Amino acid sequence: MANVMRQAMIRSYPKSRRIQFDAYSVLGAWALLVTCGLLFALGLAFRLSIDAVLITTFTVFLVVALLHVVLALSHRCPSCNKHPTVQGLAPIHPSAVPQSGMSGWARVIWDVYRRQQFTCIHCGEQFRVDTVA
Ligand SMILES: [Zn+2]
């Protein structure tokens, strides 16, 4: 009951759909980068000629990473007016506690994907991400 009350008190992020697509683009980029590493290792181990596949996969990774940059810069925290998935060089807010070895903007991405809520790394405000209908 207390958890439900706490959830209801968390503000809804105004650009919920945008930050969700931002999170999906990062997860896609990470998966493509891992795929590139695996393809490279397989190519070396088995002397496969997969240069075209590797170059294509890496190009798609670059496109998805660029999409993330565009999406990350297209939404701002309503409390501090900064981008929650762009960390920069400033230290993160103490309320954005690292969990499971993940902190900063990567933690925001993971929390949006797994929990549909996140803590702004700049001001510490908590937000609920309304699921895409
Ligand atoms: Zn903020």
Point-to-point label distance, residue 44-residue 97, nm (Cα→Cβ direction, 7 Å offset): 4.0 nm
Using a Gaussian network model of the chain with C-alpha springs under 10 Å, which one of 103, 49, 79 is most mobile by mean-square fluctuation? 49
D_trans [Stokes-Einstein, Kirkwood Rh over alpha-carbon pairs] for the chain, 10 °C, 1.306 mPa s, µm² s⁻¹: 98 µm²/s
Treat each spin label as a single point 7 Å out from the Cα along the C-beta direction, and report the residue 11 to residue 53 distance in nm. 4.8 nm
With runs of 4+ DSSP H residues as the only contributors, calculate the mean residue ellipticity of the chain at 222 nm using -39,500 (n - 2.57) per run, divided by the residue total and rounded to the nearest 500. -18500 deg cm²/dmol
Would you be so kind as to identify all helices of the chain, as entire DSSP H runs, whose Cα atoms reach 20 Å or more along the helix's own axis and whose mean Kyte-Doolittle hydropathy is at least 1.0? 16-46, 51-72
Just check the stretch 72-133 against the gyration tensor rule for me: Cα atoms, a ≥ b ≥ c as the square roots of the eigenvalues, rounded for a/c under 1.5, and otherwise prolate or oblate depending on whether a/b exceeds b/c. oblate
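Bear in mind that the values in this text are calculations on the coordinates, not laboratory data. Small disclaimer: the values here were computed from a predicted structure and weren't measured. Positions of Cβ are generated from backbone atoms using ideal geometry, with glycine treated the same way; all protein chains shown enter the neighbour counts.
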